[in-house]
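A short worksheet on the structure shown next.
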Amino acid sequence: MEITFQTVMSQVMLGLNNGVFYAILSLGLAVIFGLLNIVNFAHGALYMLGAYVALLGYTTLGPLIGMPDFHLNYWAALLVAPMVVGALGMAIERTMLRRLYKFDHLYGLLLTFGLALIIQGVFTNFFNVSGDPYDAKPEILNGAVSLGFMMFPKYRLWVIVISLAVCFGTWFVIERTKLGSYLRAGTENPELVKAFGVNVPLMITLTYGYGVGLAAFAGVLAAPIYSVSPVMGAEMIITVFAVVVIGGMGSIMGAIVTGLLLGVVEGFTKVVYAPASSTVIFLIMVVVLLVKPAGLFGRES
Amino acid sequence: MSDAVAKEMLKISGLHAWYGESHILHGVDLAVGEGELVTLLGRNGAGRTTILKSIMGLVGRRAGSITVQGSETIGMATHRIAHLGLGYCPEERGIFSSLSVEENLLLPPVVKSGGMSVEEIYEMFPNLKERRGSMGTRLSGGEQQMLAMARILRTGARLLLLDEITEGLAPVIVQALGRLIKQLKEKGFTIILVEQNFRFAAPLADRHYVIEHGAIAEMIVKDELAGSMERLNRYLGV
Ligand SMILES: Nc1ncnc2c1ncn2[C@@H]1O[C@H](COP(=O)(O)OP(=O)(O)OP(=O)(O)O)[C@@H](O)[C@H]1O
Ligand SMILES: [Mg+2]
């Protein structure tokens, strides 16, 4: 490929499109890790689940409830999928994760890893591993718009815009509001926040629900771009964990910025040397681990 | 119910507490009347902090009875205990580094009506007002201690548990804290003060509990203090 402004910019934009997925997913992981001290290995599976809620809501739910004409549309799915997955997440936190807080972090990691395998296993059993198309992309998001230097698919632009809004909205709530101050304080010293009269256990449940809700939201956004498959989360989560390692656990802005940046780096690598694009993130991960083990935005403890 | 019982703010009987496997408190009995100021004295490791933490439900396990204005709290979740009107100022001060001074001040929810307003607090602690935009742990030790006190005065708590508030502070700040405690007492707050600095605590307190090996060794009322100094010094190892 010849390196021109056009090709660079188009790959950067496509890279940004991947980057927003990394950003939303690593943001959810960072929020969860902050308060629960758990590396949520189920994140990829719940992202996949979000996509399936959208897909099945569109194709299967209607006939299932005896209303063959009912199709859960895309906009509704963007709300419903995070709610369904968030509720499932809260149930998981209440019944399982909660029992593990008093033990080493490793147990939470193992439990969520097990859950991820179970969810993925069940879906692999019932659905096509090579994926099913999600055809509910709204009319208005079809086609392309001109960005001046290139024509860019409308849908992908929408994904970038809404994802950035969700990421920075979350950042704003956590860093700039009263609600966020409870979350930050609870991350630092949950016992003292309890002693002040805040229902920290409830806060933890809601935070986990929100974190996995973000994953489901990303899953719905992904559905029209990539095909919906039981392994979509497993593939995505490996890269996202590399992003988290590079950014450093626990920093909200760090998770967002690192996610976006690495997406762009990946896109840029496609122009310069395409075969390296799928490994460049892991290369960066190794370098960061060697030079700054706590991650770019992580606090050295 | 007799008058004396009705005025009881806090009553602890037969309190045992554990951190994991370590059994720290072995049957603590104490009572604090409304508007009273009592101290918990003792050597390092005697169990004074543990008594305060047990009241807040912050130890691993506790048994016995702790009532706040007659409500039993031994089986209560920590966040509910605070809403009975308790304010806790921990030994390590517990200022949050990821929160600004003002966010630290506003963090504890109001648990009872009648707390101080933010304006009143800033009037009382002008330094905090000046530095309200800084991050909490950027404050000096003395300012952090003022912040740790100020934030529980906002909540309307009437029973204050204060753990070594003078530790490591300059004499002028200790004097300022002494004046503050005196003011609070005059306003009718009930206060449990854990102190190493006996000279700070003695003129403020109505009664002193001496803690030894996780139990009450002796209770000394203000008037008997002069005659008990020798025994007290032996307890405290000074
Ligand atoms: N988290 C904990 N886990 C296990 N043991 C603890 C814990 N905290 C305190 N202890 C032990 O409990 C005993 C009482 O400690 P506590 O902090 O109540 O003492 P204290 O009277 O406040 O003394 P000081 O604050 O002067 O050190 C000590 O022997 C201490 O080692
Ligand atoms: Mg102590």
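Residues checked against (1) of a type in the set (D, E, K, R); (2) within 20 Å of B:LEU184 (Cβ to Cβ):
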position	(1), (2)
B:GLU103	yes, no
B:GLU120	yes, yes
B:PHE125	no, yes
B:LYS129	yes, yes
B:GLU143	yes, yes
Exercise. Give the residues of segment B:137-156 that are more than 12 Å from B:LEU106 (Cα to Cα) and either within 11 Å of another protein chain (Cβ to nearest Cβ) or part of a loop (DSSP other than H, G, I, E, B) (or both), sorted by residue number.
Key: B:THR137, B:LEU139, B:SER140, B:GLY156
Quiz item: Inside segment B:192-220, can you point out the residues that are assigned to a strand (DSSP E or B) and either within 14 Å of another protein chain (Cβ to nearest Cβ) or within 13 Å of ligand 1 (Cβ to nearest atom) (or both)?
Solution: B:ILE192, B:LEU193, B:VAL194, B:TYR209, B:VAL210, B:ILE211, B:GLU212, B:ALA215, B:ILE216, B:ALA217
Practice problem: Select, from A:VAL193, A:VAL159, A:VAL122, A:VAL129, the only residue that is of a type outside the set (Ser, Thr, Tyr), free of Cβ contacts under 8 Å to residues at least 12 places away in the same chain and farther than 30 Å from B:GLY136 by Cα. | Solution: A:VAL122
Quiz item: List pairs: first in segment B:42-53 and more than 14 Å from chain A (Cβ to nearest Cβ) and modelled with pLDDT under 95, second in a helix (DSSP H, G or I) and within 6 Å of ligand 1 (Cβ to nearest atom), Cβ under 7 Å, 6+ apart or cross-chain?
Solution: B:GLY42/B:ARG48
Quiz item: Looking at segment A:266-291, which of its residues are touching a residue at least 24 places away in the same chain (Cβ under 8 Å) and either buried (at least 20 other Cβ atoms within 10 Å of the Cβ) or under 22 Å from A:VAL31 (Cα atoms) (or both)?
Solution: A:GLU266, A:GLY267, A:LYS270, A:ILE281, A:ILE284, A:MET285, A:VAL288, A:LEU289
Quiz item: Among the residues of segment B:78-125 satisfying the criterion of being farther than 20 Å from B:LEU159 by Cα and at the interface with another protein chain (Cβ under 7 Å from one of its Cβ atoms), which is surrounded by the fewest Cβ atoms within 10 Å (Cβ to Cβ)?
Solution: B:SER97
Practice problem: For B:ASN197, work out the one condition from (1) polar (S, T, N, Q); (2) out of contact with any Ser or Thr (no Cβ under 6 Å at 6 or more places or on another chain); (3) touching a residue at least 24 places away in the same chain (Cβ under 8 Å) it doesn't fulfil. | Solution: (2)
Exercise. Keeping to segment B:15-51, report how many residues are under 17 Å from B:GLN196 (Cβ atoms), within 8 Å of ligand 1 (Cβ to nearest atom) and of a type in the set (Val, Ile, Thr).
Key: 3
Quiz item: So which of A:VAL288, A:VAL257, A:VAL264 ends up being under 30 Å from A:SER130 (Cβ atoms) and in contact with a helix residue (DSSP H, G or I) (Cβ under 8 Å, 6 or more places away or on another chain)?
Solution: A:VAL264
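The values are calculated or read from the model by the stated rules, or taken from the named source; none is laboratory data. Quick caveat, the model's predicted, so the values are computed rather than measured. We place every Cβ from the backbone using ideal geometry, glycine too, and count neighbours over all the protein chains shown.
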